[in-house]
Amino acid sequence: MSDHGMWLLLAGPAGATGLYWGLYRYYRNTDKSHAFERETAVVAKPVTGSDQKIDEVKGTRESRIEGDNVREYRRRVQRIEGEPPEGG
Amino acid sequence: MPNANTPPPVPSYTGPGSPQDVPPLPGSSPLDPATLPKPIRDELQAPDPVAIDTSSAELKDGVNRCPKCGATDVRQKPGTDELVCLYCRHQWTAARVEEEFGLGVGIDQLEGTVIASGARDIAADAASMMTFKCTGCGAEVTVNTQNAMTARCHWCRHVLGVNEQIANGAVPDAVLPFHIKKDDAVARIRQFVDKRRLFALKAFKDEFTPENVVGVYLPYMIVDGNVSADVAGQGEIETRRYKQGSGDNEKTYYDADVYQLDRHVDFTVDDLPLESSAERGNLDTRSNTNNIINTILPFDTKNAVKWNASYLASFTSEKRDLNVEKLRPHLEDELLSIARAQVEASVGQYDRGVRWEAERLAVHGTRWVSMYLPVWLYSYHQPGPNGGMLHYIAVNGRTGETMGSVPVQQWKLLLAAITVGGFLEFFALMILGHAS
């Protein structure tokens with residue numbers, strides 16, 4: 001019961017913050033840019049690759065993998081230089 | 001007698017330098033020019049011809065003559081790609097660069113860096129002011145290529161345009177003429193702002209005059225690329241989901257299998273536009289609103305026509321100030337992003353997501369063409385610290401796509417947010433009051 005009460009008390013500040021940023025973005029469009037990933041003519045050959053099971057996770061409370069970036073195309077990760085290995 | 005003069009068949013050649021060998025790296029030479037006699041050295045060290053020559057010899061003297069009557073009063077016919085002679089009403093269209101220079105074909109065969117002549121490096125000593133000798137009367141007419149590409153001779157009213165590909169970056173390979181007319185752009189801007197009036201800055205609303213919109217040609221590099229990319233990381237598949245505890249302490253737990261993933265994709269991109277002005281390319285939304293102009297990309301660059309300064313009459317233009325090498329990191333960043341988007345569909349079974357940890361890009365070939373693209377631009381300067389903020393509303397001069405930044409009246413927006421938050425809080429307290 002007390003837990004639910006605390007959640008409800010957050011409704012005011014959360015609503016105010018959400019509305020502020022929602023409207024701010026609608027006016028200022030700071031989150032917009034050219035969606036070149038979708039809007040460029042790309043001709044790709046079929047994707048190849050390998051999948052290897054390496055571990056199991058038991059009893060985690062996280063609903064997603066840590067550091068999930070599958071949709072964050074523009075966030076760069078470690079860049080490896082040079083040619084791919086044999087068969088890559 | 002005639003038979004004796006027949007040349008012998010050309011022997012098949014397999015030695016060094018034949019097509020069977022791996023070609024040397026671009027720019028490398030087995031010869032050291034310093035050790036060679038001057039005439040040969042001069043030859044070796046002379047600049048290479050540019051791959052695609054888009055300079056137009058017939059327009060070198062800066063005068064665009066009507067092909068029919070020879071008059072120089074040439075304008076773009078609004079809403080079309082056609083040029084019209086204001087003297088004899090003859091209409092014609094410049095050639096599309098897509099076919100003229102074969103830009104749409106062979107992207108998957110691209111190797112090395114192919115740079116069209118208008119996209120060459122900017123010479124450090126090139127001036128932006130150009131002086132023409134008017135062929136009509138001999139007077140000297142100056143064009144400031146920072147913001148204009150045509151001028152009218154003040155004595156004889158001849159129109160002079162910058163057509164020669166001077167090395168100051170002002171003359172591109174191609175231009176995409178405006179299709180959206182000014183009235184249309186004004187209507188779109190008005191419509192855009194009408195949807196954002198409630199919390200708009202009062203001064204912005206008071207001074208709002210969309211008729212002040214300016215048609216401007218902005219410089220872009222249009223890049224084709226042939227690349228391969230690899231990404232590696234870990235993905236997880238949920239195997240079990242269960243709850244433990246009861247009531248308020250009930251918690252959800254997950255079991256998952258962890259996989260090591262590798263993905264490889266070969267792809268080509270066609271006509272990726274990159275801002276080739278350093279100022280426009282800076283998309284830091286804390287200090288500028290250039291992202292607005294970035295958002296209205298892409299353009300139908302396939303319809304771009306060969307450079308002709310007449311298209312720029314009555315419009316302003318911005319000069320390119322970035323070279324191919326400066327833009328390469330930006331291009332590679334976008335190519336990696338495209339690669340990541342391409343491989344996403346192949347990891348759909350990883351329902352707990354994927355964490356990419358490493359990526360590799362191999363650029364096999366790129367082709368660079370510089371272009372002026374048409375943008376209707378309305379701007380409003382909001383005073384403030386650090387010089388304030390320049391807000392743009394931009395309309396794509398071809399597709400009409402409209403995007404803008406409308407300055408907000410902070411106190412109004414805050415007041416609205418706090419009021420709504422207050423109501424929510426009031427209801428929350430009511431519910432809690434009833435429950436206890």
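Values in this text are rule-based calculations from the coordinates and carry no lab data. Worth saying up front: this structure is predicted, and the values here are computed from it rather than measured. Using ideal geometry, Cβ is built from the backbone for each residue, glycine included, and neighbour counts are taken over all protein chains shown.
For the range B:217-224, backbone phi angles converted through the Karplus equation (6.51, -1.76, 1.60; θ = phi - 60°) give residue-by-residue couplings of 8, 9, x, 9, 9, 9, 10, 9 Hz, Gly and Pro being listed as x. The separation of the range B:309-359 from the range B:361-436, counted between C-alpha centres, amounts to 22 Å.
Using a 10 Å cut-off around each Cβ of peptide B:418-426, what is the average number of partner chain Cβ atoms that fall inside?
Values: counts 6, 2, 6, 10, 3, 4, 10, 9, 2.
That works out to 6 on average.
Give me the distance between the Cα centres of the range B:240-257 and the range B:65-118, rounded to whole Å. Computed from Cα coordinates, the inter-centre distance equals 66 Å. Kindly identify the range B:146-248 as rounded, prolate or oblate by the Cα gyration tensor criterion: order the square roots of the eigenvalues as a ≥ b ≥ c, call it rounded if a/c is under 1.5, otherwise compare a/b with b/c, prolate if a/b is larger, else oblate. Because a/c hits 1.5 or more and a/b fails to exceed b/c, the range B:146-248 counts as oblate. Here are some pairs, B:LYS181/B:LYS302; B:LYS133/B:LYS182; B:LYS68/B:LYS306; B:LYS205/B:LYS319; which of them have Cα atoms lying more than 26 Å apart in this structure? Long pairs (Cα-Cα over 26 Å): B:LYS133/B:LYS182; B:LYS205/B:LYS319. Shielding by partners for peptide B:241-249, expressed as the average number of C-beta atoms from other protein chains within 10 Å of each residue's C-beta, is 1. Across the range B:202-293, the mean sequence separation of Cα contacts (distance under 8 Å, 6 or more residues apart), normalised by length, yields a relative contact order of 32 percent. In terms of its alpha-carbon gyration tensor, chain A comes out oblate; a/c meets the 1.5 threshold, while b/c is at least as large as a/b. Each residue of the range B:204-216 is assigned a 3J(HN,Hα), and the resulting list reads 4, 5, 4, 9, 5, 9, x, 5, 7, 4, 10, x, 9 Hz, derived from the Karplus form 6.51 cos²θ - 1.76 cosθ + 1.60 (θ = phi - 60°), x at Gly and Pro. Seen through its C-alpha gyration tensor, with square-root eigenvalues sorted a ≥ b ≥ c, the range B:183-319 comes out oblate because a/c lies at 1.5 or above while a/b is not bigger than b/c. Of all lysines in the structure, those lying under 22 Å Cα to Cα from B:LYS202, and not within fewer than 8 positions of it along the same chain, are B:LYS412.
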